[in-house]
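Some notes on the structure that comes next.
The values are calculated or read from the model by the stated rules, or taken from the named source; none is laboratory data. Worth saying up front: this structure is predicted, and the values here are computed from it rather than measured. Heads up, the Cβs are rebuilt from the backbone with ideal geometry, glycines too, and the neighbour counts pull from every protein chain shown. Remember, those area values only see protein heavy atoms, side chains included, never the ligands or the DNA or RNA. Shrake-Rupley method; radii C 1.70, N 1.55, O 1.52, S 1.80 Å.
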There are 2 protein chains.
Amino acid sequence: MASSVPSPLRSIGTLATATGVKVPTIRFYEQIGLLAPPPRTASGRRLYDDAALRRLSFIRHARQLGFDLDAIRSLLDLSDHPDRPCGEANAIAERHLSDVTEKIAQLQALRTELSRMSAECAGGRVSACKVIEVLHDHDLCAAEDHRASTVADFRA
Amino acid sequence: MASSVPSPLRSIGTLATATGVKVPTIRFYEQIGLLAPPPRTASGRRLYDDAALRRLSFIRHARQLGFDLDAIRSLLDLSDHPDRPCGEANAIAERHLSDVTEKIAQLQALRTELSRMSAECAGGRVSACKVIEVLHDHDLCAAEDHRASTVADFRA
DNA sequence: TATGCATCCTCTAGCCGCTAGAGGATCAAG
DNA sequence: CTTGATCCTCTAGCGGCTAGAGGATGCATA
């Protein structure tokens with residue numbers, strides 16, 4: 001039943017281009033235990049088989065969907081146990097979905113503020129600049145969230 | 001013309017509650033040069049006047065609007081020179097606005113994907129789970145951005 | 001076979017915007 | 001005079017990488 005032909009082995013660079021994950025990132029995933037340490041050549045170079053390729057692709061897809069590495073760890077774990085119920089996977093996805101939804105709402109509120117700001121600026125001196133003025137006076141209009149949270153935190 | 005009454009002085013804790021910025025954060029802002037080092041008491045405690053209060057409020061408002069500290073540095077600088085033209089302030093705001101807009105679009109695409117995923121999951125075993133399946137197969141549908149960027153990066 | 005360049009290795013440090021904690025000094029109230 | 005809140009400095013950590021030093025291999029070409 002098991003395959004008699006061993007799967008081809010690739011270097012870390014080949015794996016990187018195959019998956020779209022950068023080389024240092026792959027090593028980083030290994031370091032934090034997301035990826036198992038692969039076998040090495042005599043000279044110490046990593047060799048990856050198809051299973052590793054699939055695992056890394058999974059990770060990459062999950063990252064593209066915005067899951068954090070902890071969630072991905074759980075999802076990988078579930079994926080390794082196909083006989084378990086999938087409730088947990090769904091829960092992770094739905095939690096993430098609600099985070100995303102919330103974040104969108106925050107950013108939309110932010111966008112409204114920002115476009116109002118720059119629309120009102122008529123381009124004179126700073127002393128008359130709406131942008132600067134708003135920053136001086138703005139008291140978090142619709143000041144619902146008092147909870148120390150900085151609304152946006154994105155580095156694309 | 002200048003006021004004869006000196007403005008009242010407050011401790012860092014009082015400043016913190018007045019502005020909603022936490023004490024360690026205020027010290028952090030000082031450390032990175034966003035806030036000038038204030039005068040101290042004989043025993044070394046920081047004392048803040050009204051100008052410092054205004055400056056910190058400005059910073060907080062700008063953070064709530066999602067500006068990064070570098071942008072805030074520029075905005076503060078502009079705010080200190082009211083005679084300059086406000087084009088730069090506007091440019092900063094508009095750049096930020098377009099970043100926010102872009103991020104919203106990304107997150108909306110993400111949300112679509114995620115809700116499709118969890119909607120399709122019927123709650124059986126992991127082997128039949130759409131969530132896991134998508135992560136295995138997903139090739140970034142509408143795969144426009146190939147540019148190594150992780151779509152979402154948010155810690156609220 | 002020599003050479004040169006690409007790729008690989010490990011290790012450390014840096015990015016952003018804080019946050020947490022150690023270990024101690026000082027202050028205000030009772 | 002004690003208690004507890006606040007303050008001080010300093011260092012380390014978060015997430016998810018990225019960059020660079022300094023060196024060892026591997027592979028193709030002349």
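Given the conditions (1) more than 9 Å from DNA strand C (Cβ to nearest atom); (2) surrounded by 14 or more Cβ atoms within 10 Å (Cβ to Cβ); (3) within 14 Å of chain B (Cβ to nearest Cβ), and given that A:Leu35 satisfies all but one, which numbered condition is not satisfied?
A:Leu35 satisfies all of (1) more than 9 Å from DNA strand C (Cβ to nearest atom); (2) surrounded by 14 or more Cβ atoms within 10 Å (Cβ to Cβ); (3) within 14 Å of chain B (Cβ to nearest Cβ) except (3).
Can you tell which of B:Asp70, B:Asp77 is assigned to a helix (DSSP H, G or I), exposed (fewer than 14 other Cβ atoms within 10 Å of the Cβ), within 12 Å of chain A (Cβ to nearest Cβ) and within 16 Å of DNA strand D (Cβ to nearest atom)? Step through it out loud before you land on a result.
Numbers: B:Asp77 fails: within 16 Å of DNA strand D (Cβ to nearest atom).
Unique residue meeting the criteria: B:Asp70.
How about region A:42-56: which of its residues are touching a Ser or Thr at 6+ places or on another chain (Cβ under 9 Å) and either open to solvent by 30 Å² or more (accessible area, probe 1.4 Å) or within 8 Å of DNA strand C (Cβ to nearest atom) (or both)?
Selection gives A:Arg45, A:Arg46, A:Leu47, A:Asp49, A:Asp50, A:Ala51, A:Leu53, A:Arg55.
Take B:Gly13 and tell me if it is in a loop (DSSP other than H, G, I, E, B), out of contact with any Pro (no Cβ under 7 Å at 6 or more places or on another chain) and either hydroxyl-bearing (Ser, Thr, Tyr) or open to solvent by less than 70 Å² (accessible area, probe 1.4 Å) (or both).
Here the answer is no, as B:Gly13 does not meet what is asked.
Kindly list the number of the only condition in (1) in a helix (DSSP H, G or I); (2) within 30 Å of A:Arg10 (Cβ to Cβ); (3) more than 9 Å from DNA strand D (Cβ to nearest atom) that fails for A:Pro38.
Result: A:Pro38 passes all but (1).
Only one of (1) open to solvent by 50 Å² or more (accessible area, probe 1.4 Å); (2) assigned by TED's automatic domain parsing to the domain that holds A:Ala18 fails for A:His61. Which number is that?
Checking A:His61 against (1) open to solvent by 50 Å² or more (accessible area, probe 1.4 Å); (2) assigned by TED's automatic domain parsing to the domain that holds A:Ala18, the one that fails is (1).
So is A:Leu65 under 21 Å from B:Asp137 (Cβ atoms) and more than 14 Å from DNA strand C (Cβ to nearest atom) or not? Break it down into steps so the answer makes sense when it comes.
Numbers: under 21 Å from B:Asp137 (Cβ atoms): yes; more than 14 Å from DNA strand C (Cβ to nearest atom): yes.
So A:Leu65 fits the description; yes.
Could you check region B:21-32 and list, in sequence order, the residues that are open to solvent by 40 Å² or more (accessible area, probe 1.4 Å) and in contact (Cβ under 8 Å) with a residue 24 or more places away in the chain?
The one that is open to solvent by 40 Å² or more (accessible area, probe 1.4 Å) and in contact (Cβ under 8 Å) with a residue 24 or more places away in the chain: B:Ile32.
For region A:20-29, which positions are more than 8 Å from DNA strand C (Cβ to nearest atom) and away from every other protein chain (no Cβ under 14 Å)?
Once the filter is applied, which keeps residues that are more than 8 Å from DNA strand C (Cβ to nearest atom) and away from every other protein chain (no Cβ under 14 Å), region A:20-29 yields nothing.
Considering only residues that are in contact with a helix residue (DSSP H, G or I) (Cβ under 8 Å, 6 or more places away or on another chain), in a loop (DSSP other than H, G, I, E, B) and more than 9 Å from every other protein chain (Cβ to nearest Cβ), which ones fall in region B:41-67?
B:Arg45
I need the full set of residues from region A:103-127 which are more than 7 Å from every other protein chain (Cβ to nearest Cβ) and either assigned to a helix (DSSP H, G or I) or open to solvent by less than 40 Å² (accessible area, probe 1.4 Å) (or both), in order please.
A:Ala105, A:Gln106, A:Ala109, A:Thr112, A:Arg116, A:Ala119, A:Glu120
Looking only at region A:80-98, which residues are open to solvent by 50 Å² or more (accessible area, probe 1.4 Å), more than 7 Å from chain B (Cβ to nearest Cβ) and either closer than 23 Å to B:Leu110 by Cα or under 19 Å from the mean Cα position of the chain (by Cα) (or both)?
Residues satisfying the conditions are A:Glu88, A:Arg95, A:Ser98.
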